[in-house]
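The values are calculated or read from the model by the stated rules, or taken from the named source; none is laboratory data. Being a predicted model, the structure only gives us computed values, none of them experimental. Here the Cβ is made from the backbone with ideal geometry for all residues, glycine too, and neighbour counts use every protein chain on show.
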């Protein structure tokens, strides 16, 4: 496990002041809202430092989510030529919760889906087919047929999928815009598992393989119904210049296809998402404005109105606005190391437990009443409840001394963490509450996902089929 000796801390000791003070920046205001929400979660019984009481809850800052969506849309709106069509589609896998998708839809954000389940969530949230994009490397014929019938945009992943689409389009003209995902093969970032533009990535048609580019141009000329191009070259660990390089390759390919066709066949570029997130502080960097600036420098023609745009951000829209709040059940000493055993572990922070070097998280200590915990720093492990030795959120982390009944907050977990539960040890999915803070400092919670019941766990494990294998 990775060791991080620095105590990242929380915002200042709570007071009765309003959550947003004059001079606060967005990060400072978000930290104040977070601390108010922690205290309110304890006062309102959403989580407790003692038993009986809830040992684990997850919170989403709805004001922060709205602010991220607005930052995204305004960054592109200020740079694009007037009238340029643009769809910002949220990557549903980042936070597959219907209330989240509905909240984002209120801000003009559609959905990017990669499975029948994600499409069902988008439709349940009321997201229009025209604001939905289907991306997956393993789409079935049934999925493709449904998407084309509904008018959902489709990005084909490979040659065989294009052949499958040929038959479907011949049988019924598509209501959907259809494109092809390409792999610009521009290289990896610092996390191999998230690098989608490597030479051997499983995604898309590789542009630099021998003969691939010429074949792809010909494929478009043979299929006038192909009107989009898609690439996704960014994610956590990928620097902005490398992301922008992938978008530049995509734009150049569109220009080549249109020149060969003698017309504007490709009219929309789906440039993906994958903006990295700063997990080391409350700062929301890089910003969408910085991302747009990097694109303008690398491929200025992207913003001249010649092409409509689609984006597919996920982590950067939600991560900073999620908080895991868990009780310290026990605190003990072993081998000279203090260990705080909590109810938050691999089930809500899977990536951190299995790949701590790539996914380090901050730990924010609170007392049993939800006030920030202070005191001299002490190297401690923060462990989860799962029954294996590696279930650790932090190792040798310098924190104020944690004791049974205290609480830990794990920020920056609004995407790909507690929203995508991992059922190790049949640990139940925790409740997720959105929160808002009024001008007077009152915190109001709204249930976004109920806690999973033991009855539900048994049902999912075949409880009604107990004797099925005895026949």
Inside the range 363-406, the number of residues satisfying the requirement of being surrounded by 15 or more Cβ atoms within 10 Å (Cβ to Cβ), farther than 16 Å from residue 339 by Cα and out of contact with any helix residue (DSSP H, G or I) (no Cβ under 7 Å at 6 or more places or on another chain) is 3
Within the range 102-138, the residues that are part of a helix (DSSP H, G or I) and touching a strand residue (DSSP E or B) at 6+ places or on another chain (Cβ under 6 Å) are 104, 119, 122, 131
Quick count over the range 145-156, residues being within 20 Å of residue 272 (Cβ to Cβ) and part of a helix (DSSP H, G or I), is 1
Subset of the range 47-76, residues assigned to a loop (DSSP other than H, G, I, E, B) and surrounded by fewer than 24 Cβ atoms within 10 Å (Cβ to Cβ), comes to 48, 49, 50, 51, 52, 53, 54, 55
TODO: State whether one or more residues within the range 300-313 are assigned to a loop (DSSP other than H, G, I, E, B), within 30 Å of residue 244 (Cα to Cα), under 22 Å from the mean Cα position of the chain (by Cα) and assigned by TED's automatic domain parsing to the domain that holds residue 264.
DONE: yes
When residue 312 is run through (1) over 30 Å from residue 256 (Cβ atoms); (2) buried (at least 19 other Cβ atoms within 10 Å of the Cβ), the failure sits at (1)
